[in-house]
Amino acid sequence: MRIYSRIIGTGSYLPEKRLTNADLAAELAQQGVETSDDWIVERTGIRARHFAADHQACSDLATEAARKALDAAGLAAHDIDLIIVGTSTPDMVFPSVATMVQHKLGTAGCPAFDLQAVCSGFIYALTVADAMIQSGSAKRALVIGAEVFSRILDFKDRTTCVLFGDGAGAVVLEASGEPGVLATDLHADGKYKDILCVPGHVNRGGILGDPVLKMDGQAVFKLAVGVLEETARASLAKANLTDADIDWLIPHQANIRIMQSTAKKLKLGPDKVVVTVDQHGNTSAASIPLALDTAVRDGRIQRGQTLMLEGVGGGFTWGSVLLRY
C-alpha cells in the first residue's frame, strides 16, 4: 500500500512585543528615519508586526509553535521521529535550531536538521518531510518555520525595515493511507541572489561583509508574481486538479499586492486567500505555517478542504505544496 502524509496538527507563536506602524515610525524617527502608517500600508498592506525580546532566540519561538502543534495533534514530543526547521535566522552558526528544539521539547534520538531556503523554507521543509514519510524513513514529522528577522534589519533603510517581523509556525505531518499532501513543486535560480540577500558572514571572529538585509523591491515583486503562478499551476497539474479545486490559497505573506496579483492569476477571489501580513508583517519561513494555523484555529479551514501553499524567497527560491487538509 502506498504511504502518504497528512497534517494532523498546527501551531504558531508570536513574540509578545507588537509594534504597529505608528509605533515603528516613532522609533525610527528617533534615528532620523521618516515613515508613516499610510506610507507602509499603501505599499505593503502591513499594519503591525511582532519582534522577539532580546532574550528570545529563534529556537525559543520554534519550540513554542511546536508545542502547540503537538497539542493539536494529541501527541507528545517522543512520538515524533523527524524534526525539520526552515529558518534563515538560526540561534548560531551551528548546531541547528532543530536540535535545540528537540532538546527543549525533552526528547532525543530522531533526526533533526535545519533547511535554509529563506522565505520558501517552510515549503521546502514540508516537501522534504513528505518525501521522507513516503519513503518510510519517518512516520511523524514536526515541520517548523521560525524566524527572528528583526536581528538582521537595517533600521536606517525604511524600504526594508518596515516589512519584516518575527514568529514561528509548525505542523505535525503523519504517515497515512489517504492522500494529504497531493503534490509539491520546488525551484531555485541563483542568478537572482543579489536582489534579496544578507551579504555578510562570520570570519575569524568578526563580520565579513554587510550583515543586514538588502533587497531590490521592484525586482523581487516582478519575479515573485510570475513564479508563484507557475509553481501553483505545476502542483495543480501534478495532482490533476484546476484552479477551481482550490478552497484556500495560503501564500507567503510578503506583500499584499503580490498576494492579490497571484490570486487574480489563479482566478481566486479575495475571500479564498488567507491574509495575515497586515498583522504579522513578513515573517519569512514562518509566514505560511503562521497563516495556516491562524485560519485553522479561527475555523476558516476545515477538514477535507484543498489548500495551496506557496512561497518565494532569497536565493532565489520558490515552490508550492498542494494538500488536502
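Taking the chain as a Gaussian network, where each spring joins two C-alpha atoms under 10 Å apart, which residue of Leu208, Leu173, Leu268 fluctuates the most?
Leu208
For segment 199-325, place one equal point scatterer on every Cα, skip the solvent, and apply the Debye formula. What is log10 of I(q)/I(0) at q = 0.11, 0.15, 0.17, 0.21 Å⁻¹?
-0.41, -0.69, -0.85, -1.22
Once the Cβ-Cβ distance between Arg204 and Lys156 is put in as r, and R0 is 22 Å, what FRET efficiency do you end up with, to the nearest 0.05? It would help to have the intermediate numbers written out before the result.
On the way: r = 27 Å, r/R0 = 1.22.
FRET efficiency, Arg204 to Lys156: 0.25.
When the accessible area of segment 68-160 is computed with all protein chains present and a 1.4 Å probe, what percentage of it is carbon and sulfur? Could you put the intermediate results ahead of the total?
Numbers: 2060 of 3710 Å².
Result for segment 68-160: 56 percent of the exposed heavy-atom area is carbon or sulfur.
Considering the options Cys161, Val227, Leu173, tell which one lies farthest towards the positive end of the dipole of segment 153-266, charges being +1 on Lys and Arg and -1 on Asp and Glu at the Cβ, about the Cα centre.
Value computed over the given set: Cys161.
How much of the DSSP beta bridge set in segment 3-123 is antiparallel, as a percent to the nearest 5? Before the final figure, lay out the partial values.
Working: 4 of 8 bridges.
So the antiparallel bridges in segment 3-123 amount to around 50 percent.
Considering only protein heavy atoms, what is the solvent-accessible area of Asp157 at a probe of 1.4 Å, reported in Å² to the nearest 10?
40 Å²
With a 1.4 Å probe and all protein chains kept in place, how much accessible area does His103 have, in Å² rounded to the nearest 10?
So the heavy atoms of His103 present about 140 Å² to solvent.
At what distance in angstrom do the alpha carbon centres of segment 30-87 and segment 151-170 lie from each other?
Here the two parts' Cα centres lie 11 Å apart.
About the Cα centre of segment 115-179, how large is the charge dipole given +1 on each Lys and Arg Cβ and -1 on each Asp and Glu Cβ? Please answer in debye to the nearest 20. Display every interim value, and only then the final one.
Details: 5 positive and 7 negative charges, 28 e Å.
In debye, rounded to 20, segment 115-179 gives about 140.
In whole angstrom, how long is each semi-axis of the equivalent ellipsoid of the chain, when you take the square root of 5 times every eigenvalue of its Cα gyration tensor and sort them from largest down?
Working: eigenvalues 169, 111, 65 Å².
Here the semi-axes work out to 29, 24, 18 Å.
From largest accessible area down, sort Glu229, Glu16, Glu42; use a 1.4 Å probe on the protein chains. If you can, show how the numbers build up before the last one.
Values: Glu229 45, Glu16 170, Glu42 135 Å².
I get Glu16, Glu42, Glu229, largest accessible area first.
Using a 1.4 Å probe on the protein heavy atoms, what percent of the accessible area of segment 190-325 belongs to carbon and sulfur? Kindly include the intermediate steps, with their values, before the conclusion.
Numbers: 3100 of 5860 Å².
Exposed carbon and sulfur together represent 53 percent of the surface.
Placing unit charges on C-beta atoms (Lys and Arg positive, Asp and Glu negative, everything else neutral), compute the dipole magnitude of the chain about its Cα centre in debye, rounded to 20. It would help to have the intermediate numbers written out before the result.
Numbers: 31 positive and 37 negative charges, 113 e Å.
With only Lys, Arg, Asp and Glu charged at Cβ, the dipole is about 540 debye.
Between Cys58, Ile8, Leu28, whose Cα lies farthest towards the positive end of the dipole of segment 1-58 when Lys and Arg beta carbons carry +1 and Asp and Glu beta carbons carry -1, centred on the Cα centre?
Comparing the listed Cα positions along the dipole, Ile8 ranks first.
Let's see if you can work this out: charge +1 on each Lys and Arg Cβ, -1 on each Asp and Glu Cβ, no other charges. What is the dipole magnitude of segment 66-215 about its Cα centre, in debye to the nearest 20? Mind dumping the intermediate values first?
Numbers: 12 positive and 16 negative charges, 80 e Å.
So the magnitude is around 380 debye.
Can you tell me the accessible area per residue over the chain, all protein chains present, probe 1.4 angstrom, in square angstrom? Walk me through the intermediate numbers first.
Working: 13600 Å² over 325 residues.
Using a 1.4 Å probe on heavy atoms only, each residue of the chain averages 42 Å².
Along the charge dipole of segment 103-255, pointing to its positive end and built from +1/-1 on Cβ of Lys, Arg, Asp and Glu, which listed residue (Leu105, Asn203, Asn240) has its Cα farthest out?
Farthest along the dipole direction, towards plus: Asn203.
Where both residues lie in the chain, what percent of DSSP beta bridges are antiparallel, nearest 5?
On the way: 43 of 58 bridges.
The antiparallel proportion sits near 75 percent.
Where in the chain are the helices, taken as whole DSSP H runs, whose Cα atoms extend 27 angstrom or more along the long axis and whose Kyte-Doolittle mean reaches at least 0.0? The partial results should precede the final answer.
On the way: long enough: 217-238 (31 Å, 0.49).
Result, helices passing both filters: 217-238.
Name the residue, out of Asp114, Asp189, Asp293, whose mean-square fluctuation peaks in a Gaussian network model built on the chain with Cα pairs under 10 Å.
Asp189
Along the Cα→Cβ direction, 7 angstrom out, place labels at Asp91 and Arg300. What is the inter-label distance in nm?
Label at Asp91, label at Arg300, 3.3 nm between them.
Listed highest first by mean packing, meaning other Cβ atoms within 10 Å per residue, what order do 4-15, 137-148 come in? Walk me through the intermediate numbers first.
Values: 4-15: 23.1, 137-148: 28.0.
Most protected by this proxy first, the peptides run 137-148, 4-15.
Extending each Cα 7 Å along its Cβ direction at Gln30 and Lys214, get the distance between those two points in nm, one decimal.
2.9 nm
The values are calculated or read from the model by the stated rules, or taken from the named source; none is laboratory data. Given the structure is predicted, the values throughout are model-derived calculations rather than measurements. Ideal geometry is used to build each Cβ from the backbone, glycine not excepted, and the neighbour counts take in all protein chains shown. Please note that ligands, DNA and RNA were not included when accessible areas were found on the heavy atoms of the full protein model with its side chains. Shrake-Rupley method; radii C 1.70, N 1.55, O 1.52, S 1.80 Å.
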